[in-house]
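Read the figures in this text as sums done on the coordinates, not as results from a lab. All of these numbers come straight from a predicted model, not from anything done at the bench. Using ideal geometry, Cβ is built from the backbone for each residue, glycine included, and neighbour counts are taken over all protein chains shown.
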Amino acid sequence: MKRTIMVMIAMTAVLRFFAAAYGQGNAENGKALFNDPQFADGKAGVSCGSCHPDGKNAAKGADDKGVRQIINACIKKALQGTPIGPASSQMDDLVAYLKSVKSRQ
């Protein structure tokens, strides 16, 4: 019984660590990616910021998973680029930037 409780406490700590680490991006890096027309091998000559100046209305109202899906859909369609990994540091940076913009609106 004691061992089971200790294992559960340890598992909870590990899960909290990963939950806190996931999605921790750099908003400044995200802003640079957001405004880079060559990001994700984009061939359209536009950036995310071309359609969403200052991040406005980008993935509005979506949860974290939805934001990541919307970003990749825009990369594929609008930028004509290659989608990025949903758990990549670039994605985390973009999400952090969008969260920072949302908090200022």
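What percent do you get for the relative contact order of segment 25-104 when only Cα pairs under 8 Å and 6+ apart count? Before the final figure, lay out each step's value.
On the way: 121 pairs, mean separation 37.6, N = 80.
Relative CO of segment 25-104 lands at 47 percent.
Name the shape class, rounded, prolate or oblate, that the alpha-carbon gyration tensor gives for segment 49-105, where a ≥ b ≥ c are the square roots of its eigenvalues, rounded holds for a/c under 1.5, and otherwise prolate holds if a/b is larger than b/c and oblate otherwise. All intermediate terms of the calculation are to be shown ahead of the outcome.
Values: a/c = 1.74, a/b = 1.25, b/c = 1.39.
It comes out oblate by the Cα gyration axes.
Quick one: 3J(HN,Hα) in Hz for segment 24-39, Karplus 6.51/-1.76/1.60 with θ = phi - 60°, rounded, Gly and Pro as x.
Result, ordered by residue: 7, x, 9, 4, 5, 5, x, 5, 4, 5, 4, 9, 9, x, 9, 4 Hz.
So what J values fall out for segment 66-77 if you push phi through Karplus, 6.51 cos²θ - 1.76 cosθ + 1.60 with θ = phi - 60°, rounded to Hz, Gly and Pro as x?
Listing the rounded values in order: x, 4, 4, 5, 5, 4, 5, 5, 5, 4, 5, 8 Hz.
Simple spin-label model, 7 Å along Cα-to-Cβ: Q80 to D54 in nm?
The answer from the label model is 3.0 nm.
By the gyration tensor of its Cα atoms, with a ≥ b ≥ c the square roots of the eigenvalues, what is the shape of segment 24-64: rounded for a/c under 1.5, prolate for a/b over b/c, or oblate?
Details: a/c = 1.89, a/b = 1.33, b/c = 1.42.
In terms of gyration-tensor shape, oblate.
Which aspartates and glutamates have a Cα lying under 20 Å from the Cα of K99, excluding residues fewer than 8 positions away in the same chain?
Answer for K99, where 20 Å is the Cα cut-off: E28, D36, D54, D63, D64, listed by chain and number.
Which distance in nm do the two modelled labels at K43 and I5 give, with both placed 7 Å along the Cα-to-Cβ direction?
6.2 nm
Within 10 Å of each residue's Cβ, count the other Cβ atoms and sort I70, I84 from fewest upward. Intermediate results must be reported in sequence, preceding the final value.
Numbers: I70 15, I84 19.
In order of increasing Cβ crowding within 10 Å: I70, I84.
What ranking of R68, R3 emerges when the number of other C-beta atoms within 10 Å of each C-beta is taken as an exposure proxy, fewest first? Before the final figure, lay out the partial values.
Numbers: R68 23, R3 7.
Going from least to most buried by this count: R3, R68.
Sorted from fewest to most neighbouring beta carbons within 10 Å, what does the list C74, C51 look like?
On the way: C74 18, C51 13.
Neighbour counts put them in this order, fewest first: C51, C74.
Could you pull out every one of the aspartates and glutamates with an alpha carbon less than 15 Å from that of K65, ignoring same-chain neighbours closer than 8 positions?
The reachable aspartates and glutamates, counting only those whose Cα sits under 15 Å from K65, are D92, D93.
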